[in-house]
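Okay, so here's the structure we're looking at.
Every number in this text was worked out from the coordinates using simple rules, so none of it is lab data. Because the structure is predicted, anything quoted here is derived from the model rather than measured. Virtual Cβ from ideal backbone geometry, glycine too; neighbours counted across all protein chains shown.
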Amino acid sequence: MKFPLFASFIVFIIWLTYELHKHSRIDESYDQAFWDREALANATRKKSLDALSYITIPLEQLPMELCTEEEEIQDIHKTLLRLSKATIVNLTGFTNTELKLQYGAPNINRLTEYDQNYTLLVRTLQKWASYLYQKNYLVEAKAILEFAVSTKTDVSSSYKLLADIYLAEGSFEKISDLISIASTLNSAMKNTIVHTLQEFDLCSDSLHSS
């Protein structure tokens, strides 16, 4: 009985050694491929940024006149006014390597700044919409959130809050539109957002049929 157990143990050790070496080779190959691609990206010459989807904040279409006496709203307005003069691009989901390969290494600092402006924008819009929603300004909050969604934000709470508003006003078909938009996001949050909206969609179907 001892020999078969010993033989099985030897076979297991051989298999484990093989698997460890195999994964080590895969990791080395992956690392090499990454650094080769990074070297190529760093050598990519500067390219035109004209084709980027630049975002303009439509301040005239947003409820800038509401709650202006509130300090929190004043801070939000200051941020939006500053961003309205900045360059904003949604580059969510793109790595620095991908950006350098597509637009050239010399542009990476500018692209990073554009994307940081975008991140600040969508976070500010969510904060603003949430504040107005709590004050029962549903129509105004909806306008803010619809603008955020039009820029392909991946702030999940923006989609959830907008879906809440659509449910409240009976605009059930618009939740399906949100799902379509969320399905095109270039973000790790895409599946989570889509799943959340699908739950809202089921709820809207239930309400619509009752």
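Before moving on, here are some points about what is shown:
- Of all lysines in the structure, those lying under 19 Å Cα to Cα from LYS190, and not within fewer than 8 positions of it along the same chain, are LYS152, LYS160, LYS174.
- About the Cα centre, charge dipole magnitude for the range 57-99 (Lys/Arg +1, Asp/Glu -1 at Cβ), debye: 340
- What the Cα convex hull of the range 94-165 gives, in volume per residue, is 75 Å³.
- The range 67-110-the range 114-149 distance, computed between alpha-carbon centres (Å): 15
- Here the peptides 149-162, 87-100 are ranked by packing, the mean other Cβ count within 10 Å, and the order with the highest first is 149-162, 87-100.
- Hull volume in cubic angstrom per residue (convex hull over the Cα atoms of the range 58-184): 104
- Assigned charges on the beta-carbon of Lys, Arg, Asp, Glu; the range 107-210 dipole about Cα centre (debye): 360
- The range 116-210, relative contact order in percent, only Cα pairs under 8 angstrom and at least six apart counted: 23
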